[in-house]
1. Under a GNM of the chain (C-alpha, springs under 10 Å), which listed residue has the highest mean-square fluctuation: 204, 239, 137?
2. Rounded, prolate or oblate: which one fits the range 38-106, using the alpha carbon gyration tensor with axes a ≥ b ≥ c (rounded when a/c is under 1.5, else prolate when a/b beats b/c, else oblate)?
3. Which order do you get for 244, 40, 12 if you rank them by accessible area with a 1.4 Å probe, largest at the top?
4. For the range 33-182, what mean projected area does the convex hull of the alpha carbons give, in nm²?
5. Which FRET efficiency value, to the nearest 0.05, do you get for residue 252 and residue 118 by plugging their Cβ-Cβ distance into 1/(1 + (r/R0)^6) with R0 = 25 Å?
6. Can you work out the FRET efficiency for the pair residue 38 and residue 76, with r the C-beta to C-beta distance and R0 = 45 Å, to the nearest 0.05?
7. Hey, what angle do you get for helix 122-148 against the long axis of the chain, alpha-carbon based, 0 to 90 degrees rounded to 10?
8. With a 1.4 Å probe and all protein chains left in place, how much of the accessible area of the range 12-274 comes from carbon and sulfur atoms, in whole percent?
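The values are calculated or read from the model by the stated rules, or taken from the named source; none is laboratory data. Worth saying up front: this structure is predicted, and the values here are computed from it rather than measured. Virtual Cβ from ideal backbone geometry, glycine too; neighbours counted across all protein chains shown. Protein only, heavy atoms only, side chains kept; ligands, DNA and RNA dropped before computing areas. Shrake-Rupley method; radii C 1.70, N 1.55, O 1.52, S 1.80 Å.
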Amino acid sequence: MLIITSWLLSLEAWQQALVGTGFTYFMTALGAGLVFFFKEIKKDILNMMLGFAAGVMIAASFWSLLDPAIKQAEENGSIAWLVVSFGFGLGGLFLYIADKTLPHMHFGPNHEKEGLPSHLKRTILLVFSITLHNIPEGLAVGVAFGAANSADDPKKAVLAAISVALGIGIQNFPEGAAVSIPLRQENLSRKKAFLYGQASGIVEPIAGIIGAVLVTKVTLLLPYALAFAAGAMIYVVVEELIPEAQQTVTSKRHFAVFGVMLGFIIMMILDVALG
């Protein structure tokens, strides 16, 4: 870990973000690769995967994003609660607008469509659904590395950013499988299901680099950007992940709950141990 940290410290912020989001994208592709070994995924397992992703994102939103945003706002002499509340709300609003604009289809049993009317294939709409999830995830990693650029203790800040990348990457593995395997059930070939599944993660490096560049060029944006990423992630959790994970009979909803608890615990451990 010390070697990796030292190497990352020698890079520019956008390069650090590229490495971090490159890892999260790789984990998405790795998870999507499970389609070559499995044709189906049990609903209980899928619900647990979605819950796990939700738990990671909830924990990361506070320990990796909101808490540092509050501290940064205080250091800037700003009214911390006002800055963080504004950024958090703006992040949720951004995802709401994207949710209502970008054509996509949910993975639930009803395949509910959202966004502007479109004649795109169902498979593309399903991929777009997960792509929406990945925008705030990539942004969170990029902003975390960008924050290290102006931190009093860059080494500690980079370790904290690494924990964000690790947490997002870990939850991207089951998320990649949660895309590719259902696509296989849509009668796509294994190769196409994999290609579509891994493609949903490409947006993360793009969002990560944008986030890192923004906060390094305009340091006053840092607390807003951290809170923005947190708001966007919480929106995804409440609007998409948890409802989709709960679309099952009442007696089996505990699978999603256990997933949330496990994801939260793992992300909390990473943040506290490395941050």
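1. Most flexible of the set in this elastic network: 239.
2. In terms of gyration-tensor shape, oblate.
3. Result of the area sort, largest leading: 40, 12, 244.
4. Its average projected convex-hull area is 10.2 nm².
5. Calculated value: 0.15.
6. Efficiency computed from Cβ-Cβ geometry: 0.35.
7. 20 degrees
8. 69 percent
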